[in-house]
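Beneath this line is the structure, given in structure tokens, with notes to follow.
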Amino acid sequence: MRLFSERLQECALRAGSKVELAKVSGVSFSQLMRYLNGSSKPTLPKIEAIAKSVGVSAGWLAGGDENTGKYISQVLIDQDVFIQVVQKVEAVLANTSKAMSPERKGIFIFAVCKAAEQAAREEKDFLLSERSLVEMMDFMTVFPDDNDVKELYKAIEFLPKEIDQAKADEWISIICCANREFYNTQSGQRYFDRVPNIEDVYAQEISRVLAKVDAISPAFRDILDIGCGNGRHLKFIHDKNNGWNLKGVDSSIYAIQLCRHIEVTGQLPEGTVQQADIRKIPLPSNSFDLIIARNSLFCVPLTATGKGGLDDVFAEISRLLRPGGVFHGMTRYGTGITFYQAHQLLDEPTLKLLCARHGLHPMGMRVVDVNASINIGTPQNNVHNSFKDFISFEVVKPRTTNI
């Protein structure tokens, strides 16, 4: 059994540092150091404060029992929100004739309450709408076993602070599986159907990226779309210049079927798209001048360890780009993992850190209103204002290691 000081050190790692642990727990830094060196013992209220601040159980911190609820949820649910969620969920189940086991319904209500807690006030009406709740129900259906659903929501809550790599890898796989299989559900398929082509402002955005890469590397010709979805970006780029060599990968079976159709109908060369996990892409190193990832990065979580998940994706991008090659991405803006469909949010400091870890140099980053980017003239194509903020960026793989 590990010593108390070792468990306290793990809490400091979860918080980010000893200084940060003192800050979030309300325990003075000097007192925390005395606990760490064994010259003083904490009272039970201090143990509870430290444990709560980093999402571990007080029993584990105090006694070291690995089975005392290290992954017991620390979420506190507002009573009024809970009552409202229960009423909305029951109404949607009645209206849609969907069925849930009592245990699954309990897990679902917890997840919706947590999503509502994360949301700003103006988002809650949307989150509790029938459309949103049905999408979250479909998201859960990818796991037939209730225990797997429980583990999914544990992964969403605890992965951002998990420092045990084996457990982090397990939870990464669960979140990636849920996001992959969601796009094979009815709700996921509607997402692909909503914007089948790139037009207007959306077309201008992609054209801007292509022009930017052309200015850097006029001879560029090899392009890869990771998380290519229904193939709309590939179709647009092919129409602009069919001399470019295009490849696309996506893990969703439904996405691959859509892309196969546009290949068969002559809108893309046959063999352009293949099924693959974007964390491990079966293509040769140093093969592409431009890699794009629009609305796919949020399907892969970030870890506290800097290993696995999005770090694997950025490692693959660095491997696949030629020196001087450009990576363009657009993904949901913010921090943390959402309980609404387990989306990983990213901000500018986090993206810069990912780039630094994998030898990529930022060229430009900006927060954009995604409705302005995808709007093709009909309001129903817009996302809800709750989710309109995305971060768009370009990074380059340096031509030399000295950049």
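No lab work stands behind these numbers, since they all come straight from the coordinates. Owing to the predicted nature of the structure, the values given are computational and were not obtained by experimental measurement. Here the Cβ is made from the backbone with ideal geometry for all residues, glycine too, and neighbour counts use every protein chain on show.
How high is the relative contact order of the chain, in percent, counting Cα pairs under 8 Å that sit 6 or more residues apart?
13 percent
Extent of segment 119-178 along each principal axis, from alpha carbon coordinates, in Å, largest to smallest?
So the extents along the principal axes, rounded to whole Å, are 38, 28, 16.
Near residue 98, which aspartates and glutamates are there with a Cα under 13 Å away, not counting those fewer than 8 places off in the same chain?
Within the straight-line limit of under 13 Å, residue 98 reaches these aspartates and glutamates: 90, 130, 135, 138.
Can you check what the Kirkwood hydrodynamic radius comes to for segment 117-253, Cα pairs only, in Å to one decimal?
Evaluated on segment 117-253, it is 18.0 Å.
So for each of 48-60, 215-227 I average, over its residues, the number of other beta carbons within 10 Å; can you give me the resulting order with the highest mean first?
Final packing ranking: 48-60, 215-227.
Once the Cα atoms of the chain are picked out, what are the Rg and Dmax in Å?
My reading of the Cα-based Rg and Dmax gives 22.9, 74 Å.
Can you classify segment 248-359 as rounded, prolate or oblate using the Cα gyration tensor, where a ≥ b ≥ c are the square roots of its eigenvalues, rounded means a/c under 1.5, and otherwise it's prolate if a/b beats b/c and oblate if not?
Oblate is the answer for segment 248-359, as a/c is 1.5 or above yet b/c matches or exceeds a/b.
Could you give log10 I(q)/I(0) at q = 0.23 Å⁻¹ for segment 74-173, computed by the Debye formula over C-alpha point scatterers of equal weight, without solvent?
Each listed q corresponds, in turn, to -1.30.
Okay, helix-only estimate at 222 nm for the chain: each DSSP H run of n ≥ 4 adds -39500 (n - 2.57), divide by all residues, round to 500 deg cm²/dmol; what do you get?
Counting only the DSSP helices, I get -15500 deg cm²/dmol.
Calculate the all-directions average of the projected area of segment 223-314's alpha-carbon convex hull, and give it in nm².
Approximately 5.9 nm², given one-decimal rounding.
Please give the peptides 244-255, 139-150 ranked by average Cβ packing (other Cβ atoms within 10 Å per residue), highest first, as a rough proxy for protection.
244-255, 139-150
Return the whole-Å distance between the Cα centroid of segment 176-192 and the Cα centroid of segment 208-226.
Comparing the Cα centres of segment 176-192 and segment 208-226, I get a distance of 29 Å.
Please go through the residue pairs 18/150; 167/280; 46/161; 235/352 and name each one whose alpha carbons sit more than 25 Å apart in this structure.
18/150; 235/352
Within 10 Å of each candidate Cβ there may be at most 11 other Cβ atoms; applying that plus a DSSP loop requirement, which GluC sites (Glu not before Pro) in segment 1-43 survive?
none
Which of the peptides 333-340, 96-103 is most tightly packed, and how do the rest follow, judged by the mean count of other Cβ atoms within 10 Å per residue?
Ranking, from highest mean packing down: 333-340, 96-103.
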